[in-house]
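These notes concern the structure reproduced below.
The values are calculated or read from the model by the stated rules, or taken from the named source; none is laboratory data. Remember, it's a predicted structure, so these values are computed and weren't measured experimentally. All Cβ positions, even for glycine, are placed from backbone atoms using ideal geometry, and neighbour counts span all protein chains on display. When the accessible area is computed, the model is the full protein with side chains, heavy atoms only, and any ligands, DNA or RNA have been set aside. Shrake-Rupley method; radii C 1.70, N 1.55, O 1.52, S 1.80 Å.
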Amino acid sequence: MTPHAICVHQPGDATVLSYEPVDVAAPGAGEVLLRQTAIGVNFIDIYFRTGLYPTNLPCILGQEAAGVVEAVGPGVTEFQPGDRVAYAGVMGAYATHRLINAARLVPVPDGISDELAAGTLLRGMTAQYLIKRTFPVAPGMTVLIHAAAGGVGQIASQWARALGAKVIGTVGSTSKAELARHWCDYVINYSEEDFAQRVREITGGQGVPVVYDGVGAATFEGSLDSLSLRGMLVSFGNASGAVPPFAPVLLSQKGSLFLTRPTLAHYTATREELLATAADYFAALANGMVKAGVGQRYALTDAAQAHRDLAARKTTGGIVLLP
């Protein structure tokens, strides 16, 4: 079949996504030719599509996928044709076939489906670095995780709870509240109540030592107000828009708080870090610490509708495009 991809020639709404034939060359040194079987859809894809995150155009969107190795280039010894692999954090995933640096691939273990790997690896590795390295969760802690019914939120909430923490999860609707109750100790619908006030009530006025916030602008101030003295706000996403500029003295005024804006790329910067992060997530799936799934499936040609549904917060869990 002729390789095809979803291309973006100019920033804009979902209508700028164009399904087009593309040329895919033979793999060069250190490269793998991958036939993709499932492709993950994430909010970061919308950031690149709209231009919030600038990139060179035209481009092929997408950060994660799973597939089968078709061919390997000179110098590739870690993989061979027929191997099942996945990747996350590498632009160009919305395609039937692609070339990719072998160093960015991870093996998919037996028992993990291609859809599960493609639809959750980026979120799973994000949850891993957030709760185990950015601010390590410990038994007895109470933590706040925003968007607890979303892709990262579901995984991070379950994992934090399995590590011995009590989890307060926020959601934006009644239906998502019902879902989040399966893995959170407390659920707050922030469309109906002041979540910072409720966090103070739950914690006896102390606040929480950490807030994991992938929502951004809409929750920023409330997240700061939910923290205990010297607590840390881990701001890792902008689902509601970017956090506006603010004076650093605000952190002092609210309790000598810490703020970090991490990204997965900096936590998987070496081959060893990448393999360890992915392996830890896959192990959490295998041993039952985390249960993750794919909530929505779309044909690759329907990528625009997937973006619309994700932006409208109509989705839960992983989303995949199927070539």
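What is the residue count in region 292-323 for residues that are in a loop (DSSP other than H, G, I, E, B), closer than 27 Å to Ala162 by Cβ and open to solvent by 40 Å² or more (accessible area, probe 1.4 Å)? Reasoning before the result, please.
Residues of region 292-323 in a loop (DSSP other than H, G, I, E, B): 292-293, 312-317, 323.
Checking the rest, the ones that are also closer than 27 Å to Ala162 by Cβ come to 292-293, 313, 315-317.
Still in the running and open to solvent by 40 Å² or more (accessible area, probe 1.4 Å): 313, 316.
Within region 292-323, residues that are in a loop (DSSP other than H, G, I, E, B), closer than 27 Å to Ala162 by Cβ and open to solvent by 40 Å² or more (accessible area, probe 1.4 Å) number 2.
So which strands (runs of 3 or more DSSP E) stay within region 5-88 end to end and still have 2 or more residues that are aliphatic (A, V, I, L, M)? Before the answer, list the steps.
Numbers: elements: 18-21, 31-40, 64-72, 84-88.
Strands (runs of 3 or more DSSP E) meeting the threshold: 31-40, 64-72, 84-88.
Look at region 257-278 and say how many of its residues are in a loop (DSSP other than H, G, I, E, B), closer than 29 Å to Gly204 by Cα and either open to solvent by 70 Å² or more (accessible area, probe 1.4 Å) or β-branched (Val, Ile, Thr) (or both).
Residues of region 257-278 that are in a loop (DSSP other than H, G, I, E, B), as a first pass: 257, 261-263, 268-270.
From the residues that got through so far, the ones that are closer than 29 Å to Gly204 by Cα too are 257, 261.
Restricting the remaining residues to those that are either open to solvent by 70 Å² or more (accessible area, probe 1.4 Å) or β-branched (Val, Ile, Thr) (or both) gives 261.
Selection size over region 257-278: 1.
Here are some residues: Leu61, Leu52. Which one is open to solvent by 60 Å² or more (accessible area, probe 1.4 Å), under 19 Å from the mean Cα position of the chain (by Cα) and under 29 Å from Gly153 (Cα atoms)? Outline the logic, then answer.
On the way: Leu61 fails: open to solvent by 60 Å² or more (accessible area, probe 1.4 Å).
Only one candidate qualifies: Leu52.
Among the residues of region 124-142, is any in contact with a Gly (Cβ under 7 Å, 6 or more places away or on another chain) and surrounded by 22 or more Cβ atoms within 10 Å (Cβ to Cβ)?
No.
Among the residues of region 242-256, write down those that are buried (at least 16 other Cβ atoms within 10 Å of the Cβ) and in a helix (DSSP H, G or I). Spell out how you get there, then give the answer.
Here is the first cut: in region 242-256, the ones buried (at least 16 other Cβ atoms within 10 Å of the Cβ) are 243, 251, 254.
Hit for region 242-256 is Leu251, nothing else.
Looking at Gly164, Gly150, which one is closer than 24 Å to Asp213 by Cα and at pLDDT below 95? If you could, list the steps in order and put the result at the bottom.
Working: Gly164 fails: at pLDDT below 95.
Being closer than 24 Å to Asp213 by Cα and at pLDDT below 95 holds for just one of Gly164, Gly150, which is Gly150.
Yes or no: region 33-55 includes at least one residue that is out of contact with any strand residue (DSSP E or B) (no Cβ under 8 Å at 6 or more places or on another chain) and of a type in the set (S, T, N, Q). Explain how you work it out, then say what you get.
Quick first cut of region 33-55, residues out of contact with any strand residue (DSSP E or B) (no Cβ under 8 Å at 6 or more places or on another chain) only: 43-47, 50-55.
Checking which are of a type in the set (S, T, N, Q) leaves us with 50, 55.
Yes: one or more hits.
When you scan region 266-285, do you find a residue that is in contact with a helix residue (DSSP H, G or I) (Cβ under 6 Å, 6 or more places away or on another chain) and modelled with pLDDT under 95, even just one?
Scanning region 266-285, I find no residue that is in contact with a helix residue (DSSP H, G or I) (Cβ under 6 Å, 6 or more places away or on another chain) and modelled with pLDDT under 95, so the answer is no.
Note down all Cβ pairs under 9 Å where the first residue falls in region 157-171 and is farther than 14 Å from Arg198 by Cβ and open to solvent by 10 Å² or more (accessible area, probe 1.4 Å), the second is assigned to a loop (DSSP other than H, G, I, E, B) and basic (Lys, Arg), and they're at least six residues apart or on different chains.
Gln158/Lys291
Aliphatic (A, V, I, L, M), buried (at least 17 other Cβ atoms within 10 Å of the Cβ) and in contact (Cβ under 8 Å) with a residue 24 or more places away in the chain: does that describe Ala14?
Details: aliphatic (A, V, I, L, M): yes; buried (at least 17 other Cβ atoms within 10 Å of the Cβ): yes; in contact (Cβ under 8 Å) with a residue 24 or more places away in the chain: yes.
When the stated conditions are applied, Ala14 passes them.
So which residues in region 229-270 are under 30 Å from Leu105 (Cα atoms), of a type in the set (Gly, Ala, Ser) and in contact with a strand residue (DSSP E or B) (Cβ under 7 Å, 6 or more places away or on another chain)?
If the condition is that a residue be under 30 Å from Leu105 (Cα atoms), of a type in the set (Gly, Ala, Ser) and in contact with a strand residue (DSSP E or B) (Cβ under 7 Å, 6 or more places away or on another chain), then Ser235 is the only one that fits.
Which of (1) of a type in the set (A, V, I, L, M, F, W, C); (2) farther than 22 Å from Val294 by Cβ; (3) open to solvent by 10 Å² or more (accessible area, probe 1.4 Å) does Ile112 not meet, given it meets every other one?
Only one criterion in (1) of a type in the set (A, V, I, L, M, F, W, C); (2) farther than 22 Å from Val294 by Cβ; (3) open to solvent by 10 Å² or more (accessible area, probe 1.4 Å) is unmet by Ile112, namely (2).
Please determine whether any residue of region 144-151 is in contact with a helix residue (DSSP H, G or I) (Cβ under 8 Å, 6 or more places away or on another chain), in a loop (DSSP other than H, G, I, E, B) and open to solvent by 30 Å² or more (accessible area, probe 1.4 Å).
Looking through region 144-151, at least one residue is in contact with a helix residue (DSSP H, G or I) (Cβ under 8 Å, 6 or more places away or on another chain), in a loop (DSSP other than H, G, I, E, B) and open to solvent by 30 Å² or more (accessible area, probe 1.4 Å).
Would you please name the residue that is surrounded by the most Cβ atoms within 10 Å (Cβ to Cβ), looking only at residues in region 184-225 that are closer than 23 Å to Val290 by Cα and in contact with a Lys or Arg (Cβ under 6 Å, 6 or more places away or on another chain)?
Ile188
Run Ser228 past the list (1) open to solvent by 30 Å² or more (accessible area, probe 1.4 Å); (2) modelled with pLDDT of 95 or more and report the number of the one that doesn't hold.
(1)
How about region 83-108: which of its residues are within 21 Å of Phe282 (Cα to Cα), out of contact with any Lys or Arg (no Cβ under 8 Å at 6 or more places or on another chain) and open to solvent by 50 Å² or more (accessible area, probe 1.4 Å)? Walk me through how you get there before you give the answer.
In the first step, residues of region 83-108 are kept if they are within 21 Å of Phe282 (Cα to Cα); the result is 83-90, 93, 102-108.
Still in the running and out of contact with any Lys or Arg (no Cβ under 8 Å at 6 or more places or on another chain): 83-86, 88, 93, 102, 104-106.
Of everything in region 83-108, those that are within 21 Å of Phe282 (Cα to Cα), out of contact with any Lys or Arg (no Cβ under 8 Å at 6 or more places or on another chain) and open to solvent by 50 Å² or more (accessible area, probe 1.4 Å) turn out to be Arg84, Arg104.
Failed condition for Thr203, given (1) more than 23 Å from Leu163 (Cβ to Cβ); (2) among the hydroxyl-bearing types (Ser, Thr, Tyr); (3) out of contact with any helix residue (DSSP H, G or I) (no Cβ under 9 Å at 6 or more places or on another chain), with all others met?
All conditions pass for Thr203, except number (1).
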